[in-house]
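J.: Mind looking over this structure? Questions follow.
No lab work stands behind these numbers, since they all come straight from the coordinates. None of the values given here were measured: they were computed from a predicted structure. Note that we place each Cβ from the backbone using ideal geometry, even for glycine, and neighbour counts take in every protein chain shown.
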């Protein structure tokens, strides 16, 4: 099924679009030229490459997490979730930063190309943030003795999650996709700029989360080598996973846009 | 309203630099000439000083000030319209005030506000009542504009989008402040708490401006969606978490006399960020 979409999008040359453009140029209609989005072969190729790399990387880091990295002295095996939790969290931030940048570009250029990237990254970011919250809860129960506390980082992450769920909701409920894209872009910008302020306010409110572990405030590295290697491996693997999911989603959204354009072309 | 031409009325060319020619540049070059005579060129808007000759360095400073005056006049005209409308119909204000009063009464039952610990719960109860009332007001204000089709009117008027955003934000701020003042008096009467403090004024102002600045943005967005009653709080409350925390803490500080502390700075930071972004993206939100 996936393959069919891929090949259909590949085969479909630009002639349908060209036909529409031609009719416009002929002066039959006065429809303004709408910026087009096509499935990009580059995105398609890199989605395949990063997909394979991410699969290999994730398998390797799974092995490293359970067989190479030593058990932590105090927390025992429970600590191993750290290798999943932290890379996911870092990539979620990257995803929302990508949303911020592409949203700003969309509002500036108003080309649907940027909106495609923004919504793709937002969806992956929401999934990653959900996993961060769940894996954090799983770790907190044995270590803190509770699933959840209203600590600064936990609360900020929860609010971050709510903001980007609202981001997806405003798109879903918009009366037309172009409006949804504009509104979502505004939320993508406001939400991202709001995060430091939210974090500061919640931090003054209360704090419990473990401090920076990897790069400590003194500047030293706080992890033994085997743990650090495992962590870096997992970080690379999850970053590849993020890039793969982002590109795959972008490709899918581009195909959707293209189909929508073919439909409009046929109607006109 | 006042003497002189109405700020929203399109003024003829050559007077005071208020002409914003949005049409395509004319073949006879009148648009270009206007730019030279009156307003500074607006970069990025079609048809204005496209050839780049519009920049007149000697007049640029005063023209910029002239623009600011025009902007302020536009903002004031819309705010005044909203105030007059509210004074005549009191539709939004009554909804907000009634809701705030009811919320306080519900809190009394739910949290036992009249008991000893009233001082500890009061700031939270007050701000929840304000923010919910503000949400009701925002939803109502934009729903009315929609029902009467007046938002289209405002969008058609020769008003800069940021001016429209700022005006709507100020209108809702004024309404919220009125409700807040009234409910503080009621609170003092009902619960015998000395909440009428002068040190509360900056907290109320900054908190309300921050909430209204984000709220106007999202209410304008939510009004154009299918689930507007649901979407407004879903959009608004996560973003305004800093306002909630900082306002409640600062109010608690003002009531018990320890002062608002650094919370005011946090509110200022939030207000500044949201206002700057809001003015910047106003065009994207207030469109068609």
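J.: Could you calculate the FRET efficiency of residue B:81 with residue A:256 from 1/(1 + (r/R0)^6), where r is the beta carbon distance between them and R0 is 51 Å, rounded to 0.05? Walk me through the numbers on the way to the answer.
T.: On the way: r = 43 Å, r/R0 = 0.83.
The computed FRET efficiency comes out at 0.75.
J.: Given a Förster distance of 45 Å, report the FRET efficiency between residue A:176 and residue A:56 from their Cβ-Cβ distance, rounded to the nearest 0.05. Let's see the in-between values first.
T.: Numbers: r = 42 Å, r/R0 = 0.94.
Working from the Cβ atoms, E equals 0.60.
J.: Now, a different point. So, in nm, how far is label residue A:109 from label residue B:190 when the simple model puts each one 7 Å beyond its Cα toward the Cβ?
T.: Taking the two extended label points, one gets 5.4 nm.
J.: What do you get when you divide the Cα radius of gyration of the stretch B:90-285 by 2.2 N^0.38 Å, with N the number of residues?
T.: Working: Rg = 16.9 Å, N = 196, 2.2 N^0.38 = 16.3 Å.
For the stretch B:90-285, the normalised Cα radius of gyration comes out at 1.03.
J.: Normalising by the residue count of the stretch B:90-285, find the relative contact order in percent from Cα pairs under 8 Å and 6+ residues apart.
T.: Numbers: 209 pairs, mean separation 51.7, N = 196.
Reported relative contact order: 26 percent.
J.: Also, I was wondering about something else. Residue B:205 versus residue B:226, label points 7 Å from Cα toward the beta carbon: distance in nm?
T.: Output for this residue pair reads 4.5 nm.
J.: How much length is gained if the chain between residue A:147 and residue A:36 is pulled fully straight, taking 0.36 nm per residue apart and subtracting their Cα-Cα distance, in nm to one decimal? It would help to have the intermediate numbers written out before the result.
T.: Working: separation 111, 0.36 × 111 = 39.96 nm, distance 4.72 nm.
Gain on stretching residue A:147 to residue A:36: 35.2 nm.
J.: Expected output is a single nm value to one decimal: the length gained when fully extending between residue B:152 and residue B:91, i.e. 0.36 nm times separation in residues minus the C-alpha distance. What is it? List each step's numbers first, then the result.
T.: Numbers: separation 61, 0.36 × 61 = 21.96 nm, distance 2.03 nm.
Length difference between fully extended and current span is 19.9 nm.
J.: For the stretch A:133-203, what mean projected area does the convex hull of the alpha carbons give, in nm²? Please report the intermediate quantities before stating the final value.
T.: Values: hull surface 21.0 nm².
Averaged projected area of the stretch A:133-203's Cα convex hull equals 5.3 nm².
J.: Right, next: Taking R0 as 41 Å, what's the FRET efficiency between residue A:63 and residue A:127 from their Cβ-Cβ distance, rounded to 0.05? All intermediate terms of the calculation are to be shown ahead of the outcome.
T.: Details: r = 24 Å, r/R0 = 0.58.
Efficiency, rounded to the nearest 0.05: 0.95.
J.: What Kirkwood hydrodynamic radius, in Å, does the stretch B:89-154 give when the mean of 1/r is taken over all pairs of distinct Cα atoms and then inverted? Intermediate values should be presented prior to the final figure.
T.: Numbers: mean 1/r = 0.0759 Å⁻¹.
About 13.2 Å for the stretch B:89-154.
J.: Just counting partner chain Cβ atoms within 10 Å, what average do the residues of peptide A:186-197 show around their Cβ? Before the final figure, lay out the partial values.
T.: Details: counts 12, 7, 0, 4, 11, 3, 1, 6, 10, 0, 3, 13.
What the average comes to for A:186-197 is 6.
J.: Now, a different point. Once you place label points 7 Å from the Cα toward the Cβ at residue A:90 and residue B:198, how far apart are they in nm?
T.: Result for the modelled spin labels: 5.4 nm.
J.: In whole Å, what is the distance between the alpha-carbon centres of the stretch B:62-107 and the stretch B:215-235?
T.: 19 Å
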